[in-house]
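Undergrad: Below: one structure in structure tokens.
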Amino acid sequence: MLKLTNIKKSFVKNNEIINILNDFSLTVDKGEFVAVRGTSGSGKSTLLFVIGSLLTPDSGTVLINEINPYNLNPENRAIFRAQNIGFIFQQFHLLPYLNVLENVLTANLVVKNNKAEENAAELLEKINLKHRLNHVPAELSVGERQRVALARAILNKPKLILADEPTGNLDPENSKIILDFLKEYAADGNTVIMVTHDERATKSANKVITL
């Protein structure tokens, strides 16, 4: 499903080269739920951005279903990303002027699906947000916002989910909802890679990588 080979990524700060990823290689199969751990600055989020085709590595290859997204032009890469990768972030990144249903449907802007609204409503019902469809993010709890972000990430049924601290701001009840859903999604033959400092979240994964 996912294969990283000899990935290198560095940044320049104050005329100093900072190596974040250095000859990093990784293979993740379908059905795996991987937790990525490490100290601050170890490259966890950088790794997610590289995998998600959002940050071009200095060298090395990224293969998702045997396709290197960095070999695609920007337009085709965006289409590939929308079709194959779902993102969940700690800060949610919901659009404040859209309601819950509309936020989830933003995932359909690139990948056109005539049943997107029906699918979104079903997802929101599954995660107990049917009564919130017409509410904007400011009217939601933190846990509800993260569940909206989860629904948006999986609307297109991507084979790869990338989650950056998805339970970092959540109470135990909402954390369990998110983690149970991700475990189920991986068990259905998809792949989940989650950056986390949360010991509860780590225990939900079937593989742990430390940077």
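Quick note: the coordinates plus some simple rules give every number you see, no bench work behind them. Please read these numbers as outputs of a predicted model, since none were measured by experiment. When we count neighbours, we look across all protein chains shown, and the Cβ atoms used for this are built from the backbone with ideal geometry, even at glycine.
Undergrad: Calculate the FRET efficiency for Thr210 and Asn6 from the Cβ-Cβ distance with a Förster distance of 25 Å, rounded to the nearest 0.05.
TA: 0.85
Undergrad: Taking K and R as +1 and D and E as -1, what net charge do the other residues with C-beta under 12 Å from the C-beta of Leu124 add up to?
TA: -1
Undergrad: Any aspartates and glutamates with Cα under 15 Å of the Lys115 Cα? List them, leaving off those in the same chain fewer than 8 positions away.
TA: Glu102
Undergrad: Mark the label point 7 Å from the Cα of Asn128 along Cα→Cβ and return the residues of the range 155-198 whose backbone N is within less than 20 Å of it.
TA: Of the residues in the range 155-198, 166-185 have backbone N under 20 Å from the label point off Asn128.
Undergrad: Apply the a/c threshold of 1.5 to the C-alpha gyration tensor of the range 1-62 and tell me whether it is rounded, prolate or oblate.
TA: prolate
Undergrad: Multiplying the sequence separation of Arg200 and Val110 by 0.36 nm and subtracting their Cα-Cα distance, what value in nm do you get?
TA: The Arg200-Val110 span can extend by a further 29.0 nm.
Undergrad: If you don't mind, there's one more thing I want to ask. Give me the compactness ratio for the range 98-167, meaning the Cα radius of gyration over 2.2 N^0.38 Å.
TA: Dividing the Cα Rg of the range 98-167 by 2.2 N^0.38 Å gives 1.03.
Undergrad: Ranked by Cβ crowding within 10 angstrom, fewest neighbours first, how are Leu63, Leu2 ordered?
TA: Lowest to highest Cβ neighbour count: Leu63, Leu2.
Undergrad: Can you tell me the length gained on complete extension of the stretch Lys183 to Tyr97, counting 0.36 nm per residue apart and subtracting the Cα distance?
TA: 27.8 nm
Undergrad: If you don't mind, another one. Using the number of other C-beta atoms within 10 angstrom as an exposure proxy, rank Glu139, Glu32 with the fewest first.
TA: Ascending Cβ contact count within 10 Å gives the list Glu139, Glu32.
Undergrad: Quick one: plug the Kirkwood hydrodynamic radius of the chain (C-alpha pairs) into Stokes-Einstein at 4 °C, 1.567 mPa s, and report D in µm²/s.
TA: Rounded to a whole number, D works out at 73 µm²/s.
Undergrad: Need the C-alpha centroid separation for the range 41-67 versus the range 174-211, integer Å.
TA: The range 41-67 and the range 174-211 have Cα centres separated by 19 Å.
Undergrad: If I take all pairs of Cα atoms in the range 31-99, what percentage of them are more than 16 Å from each other?
TA: Result: 58 percent of Cα pairs exceed 16 Å.
Undergrad: Another question, then. So which lysines pass the test for Lys203, namely a Cα distance under 27 Å, with those fewer than 8 places away in the same chain ruled out?
TA: Lys3, Lys30, Lys44, Lys126, Lys157, Lys159, Lys176, Lys183
Undergrad: If we count other beta carbons within 10 Å of each Cβ, what is the order of Ile17, Ile209, Ile193, Ile154, fewest first?
TA: Placing the least packed residue first, the sequence is Ile17, Ile209, Ile154, Ile193.
Undergrad: Now, a different point. Between Lys13 and Ser59, take the C-beta separation as r, use R0 = 22 Å, and let me know the FRET efficiency to the nearest 0.05.
TA: Result of the calculation: an efficiency of 0.65.
Undergrad: Net charge within 10 Å of Asp58 by Cβ-Cβ distance, Lys/Arg positive one each and Asp/Glu negative one each, not counting Asp58 itself?
TA: Here the count lands on +2.
Undergrad: Still on this model: Just the projected area, averaged over all directions, of the convex hull on the alpha carbon atoms of the range 119-211: how many nm²?
TA: Answer in nm², one decimal: 6.1.
Undergrad: Continuing with the same structure: If R0 is 45 Å, what FRET efficiency do you get for Asn68 and Asp171 from their C-beta distance, rounded to 0.05?
TA: The formula returns an efficiency of 0.70 here.
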